[in-house]
Amino acid sequence: MKPIKSKAQIDYMKAKTKFEERSKVLEARVAEEQKNAEVEQELMEQLVVETGFHQAFNELAEAENELITWSHATIKHDKTYKDNKKPIDEMYEKLDSDPQMRARIIQLALRIR
């Protein structure tokens, strides 16, 4: 039986997959353009928009934020949270200043059932 995922978890996984796909397309286009000449900033910006990478990046960031918000609200109902409230809240407070903590919380949020 498949584990049940929340809307926030599903949306994040979809956004991450789309971002990874758009990233590969962008990499291929950059490699193609590099055969002819060096890729300068203006061309790179154009490729980022044309390939949908920019939109996919924004959607991924939004999905991450929703997943984090959902996980913080959801975990507050768990016994583990009640026993470790202070360290868990400190983890969430470090989200904006510590990219590794953000990644760790996202990974943990994907495990919540």
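Return yes when Ala28 is outside any loop (DSSP other than H, G, I, E, B), in contact (Cβ under 8 Å) with a residue 24 or more places away in the chain and of a type outside the set (Ser, Thr, Tyr) and no when it is not.
In short, no.
In the range 9-45, which residues are exposed (fewer than 14 other Cβ atoms within 10 Å of the Cβ), over 24 Å from Ile106 (Cβ atoms) and of a type outside the set (A, V, I, L, M)?
Glu32, Gln34, Lys35, Asn36, Glu38, Glu40, Gln41, Glu42, Glu45
For the range 67-99, name all the residues that are of a type in the set (S, T, N, Q), assigned to a loop (DSSP other than H, G, I, E, B) and either open to solvent by less than 80 Å² (accessible area, probe 1.4 Å) or under 21 Å from Arg113 (Cβ atoms) (or both).
Of everything in the range 67-99, just one residue is of a type in the set (S, T, N, Q), assigned to a loop (DSSP other than H, G, I, E, B) and either open to solvent by less than 80 Å² (accessible area, probe 1.4 Å) or under 21 Å from Arg113 (Cβ atoms) (or both), namely Asn84.
Pairs, please: C-beta under 6 Å, at least 6 apart or cross-chain, first residue farther than 24 Å from Gln46 by Cα and in a helix (DSSP H, G or I) and in the range 1-25, second open to solvent by 60 Å² or more (accessible area, probe 1.4 Å) and modelled with pLDDT of 95 or more?
As it stands, the answer is Ala8/Glu66; Ala8/Trp70, since those pairs meet every condition given.
Cβ contacts < 9 Å: first residue free of Cβ contacts under 8 Å to residues at least 12 places away in the same chain, restricted to the range 53-78; second residue surrounded by fewer than 14 Cβ atoms within 10 Å (Cβ to Cβ) and of a type in the set (Asp, Glu), any location; separation 6+ or different chain. Result?
His54/Glu45
The values are calculated or read from the model by the stated rules, or taken from the named source; none is laboratory data. Bear in mind that the values here come from a model prediction, so they are computed numbers and not experimental data. Every residue, glycine among them, receives a Cβ derived from its backbone with ideal geometry; neighbour counts consider all protein chains shown. To get the accessible areas, we keep the full protein, side chains included, count just its heavy atoms, and leave off ligands, DNA and RNA. Shrake-Rupley method; radii C 1.70, N 1.55, O 1.52, S 1.80 Å.
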